[in-house]
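For reference, the structure discussed in these notes is given below.
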């Protein structure tokens, strides 16, 4: 069951990335992200009411998750605006490697030869991506938007590991939180934090230099994200689910976003990027095979 939920979450996540890229084209990042968090909060508000507040002992864990995820989102949105989707997707797809290594240290998951092969292939694919991106004037070592992308990947991996702890039963050393409570309340916290950022940064300073315009794809960001996260968290509640495998399958969304980047946004240098993507997918296959 958790396998099918993970694959469906990956499909929706690929649509989410593609709609995000379309919404951010020649647009202000902070208002788009604020609207995204606002719509997500409104969609999930009935769940927040249903699951209840739960007290500070519960909310302190969710608040920390909100800070981690929002850091990843802010960095990721800026990277998505300024970098090709066909680059952002494959780099994001290496996130399961960090999750797998983190799970090895935090949850005692041991890496076998297949998994180490997947890690090595991911490292090679990143190196090749850095080389192929130079054809588009993108220097991995000095580009600030690449730095934002890497920050988004690292903090996103931290969020994935933290999710496993939040969903795990208290008897197993986890926090034992309800997935719907986590999903609804962390989005509400993010909305509040993004509202503060917009009032403090964008309205008084950046509104003239980075104007905002409405695009029909903006609501789609929230719809696809909420659906993808719901299925993802539901998959993690299965006691047989491995966080490394779920995260790996979820990164399969890169195929959807790559196709959107090629066909809809007409991005360049596709042949070399396709090779990079193939190595990422091969690495994911080895991670999957070693995790069976």
Taking only segment 36-74 into account, find how many residues are touching a helix residue (DSSP H, G or I) at 6+ places or on another chain (Cβ under 9 Å) and not in a helix (DSSP H, G or I). 3
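May I ask you to say which residue of 159, 125 is in contact with a helix residue (DSSP H, G or I) (Cβ under 6 Å, 6 or more places away or on another chain), modelled with pLDDT of 90 or more, surrounded by 15 or more Cβ atoms within 10 Å (Cβ to Cβ) and under 16 Å from residue 92 (Cβ atoms)?
Working: 125 fails: modelled with pLDDT of 90 or more.
Unique residue meeting the criteria: 159.
Return a yes/no flag: does segment 190-199 have any residue that is under 19 Å from residue 51 (Cα atoms) and at pLDDT 95 or above. Even if it seems obvious, please write down each step before you answer.
Applying the first criterion (under 19 Å from residue 51 (Cα atoms)) to segment 190-199 yields 190-191.
Checking which are at pLDDT 95 or above leaves us with 190-191.
Yes: segment 190-199 contains one or more residues that are under 19 Å from residue 51 (Cα atoms) and at pLDDT 95 or above.
Out of the residues in segment 103-115 that are part of a helix (DSSP H, G or I) and in contact (Cβ under 8 Å) with a residue 12 or more places away in the chain, which is farthest from the chain's Cα centre (by Cα)?
Once the filter is applied, the top-ranked residue is 113.
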Number of positions in segment 1-30 that are assigned to a helix (DSSP H, G or I) and within 22 Å of residue 261 (Cβ to Cβ): 19
Scan segment 167-182 and tell me whether some residue there is modelled with pLDDT of 85 or more, surrounded by fewer than 17 Cβ atoms within 10 Å (Cβ to Cβ), out of contact with any helix residue (DSSP H, G or I) (no Cβ under 6 Å at 6 or more places or on another chain) and under 27 Å from residue 29 (Cα atoms). no
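Hey, can you tell me all the residues within segment 170-194 that are assigned to a loop (DSSP other than H, G, I, E, B) and without any contact (Cβ under 8 Å) to a residue 40 or more places away in the chain? Please lay out each step first, then the result.
Here is the first cut: in segment 170-194, the residues assigned to a loop (DSSP other than H, G, I, E, B) are 173-178.
173, 174, 176, listed by residue number.
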Among the residues in segment 205-219, are any in contact (Cβ under 8 Å) with a residue 60 or more places away in the chain, buried (at least 18 other Cβ atoms within 10 Å of the Cβ) and in a helix (DSSP H, G or I)? yes
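Identify, from the list 33, 100, the residue that is surrounded by 22 or more Cβ atoms within 10 Å (Cβ to Cβ), assigned to a helix (DSSP H, G or I), modelled with pLDDT of 95 or more and within 20 Å of the chain's Cα centre (by Cα). Please lay out each step first, then the result.
Working: 100 fails: modelled with pLDDT of 95 or more.
33 is the lone residue from the list that is surrounded by 22 or more Cβ atoms within 10 Å (Cβ to Cβ), assigned to a helix (DSSP H, G or I), modelled with pLDDT of 95 or more and within 20 Å of the chain's Cα centre (by Cα).
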Restrict the check to segment 63-79 and report whether at least one residue is buried (at least 20 other Cβ atoms within 10 Å of the Cβ) and over 14 Å from the mean Cα position of the chain (by Cα). no
Could you identify the single residue in 287, 281 that is within 30 Å of residue 107 (Cβ to Cβ), in a helix (DSSP H, G or I), out of contact with any helix residue (DSSP H, G or I) (no Cβ under 7 Å at 6 or more places or on another chain) and at pLDDT below 90? 281
Within segment 75-97, which residues are within 23 Å of residue 289 (Cβ to Cβ) and assigned to a helix (DSSP H, G or I)? 89, 90, 91, 92, 95, 96, 97
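The values are calculated or read from the model by the stated rules, or taken from the named source; none is laboratory data. Note that the structure is predicted; figures quoted are calculated from it, not measured. Backbone-built Cβ (ideal geometry, glycine too); neighbour counts: all protein chains shown.
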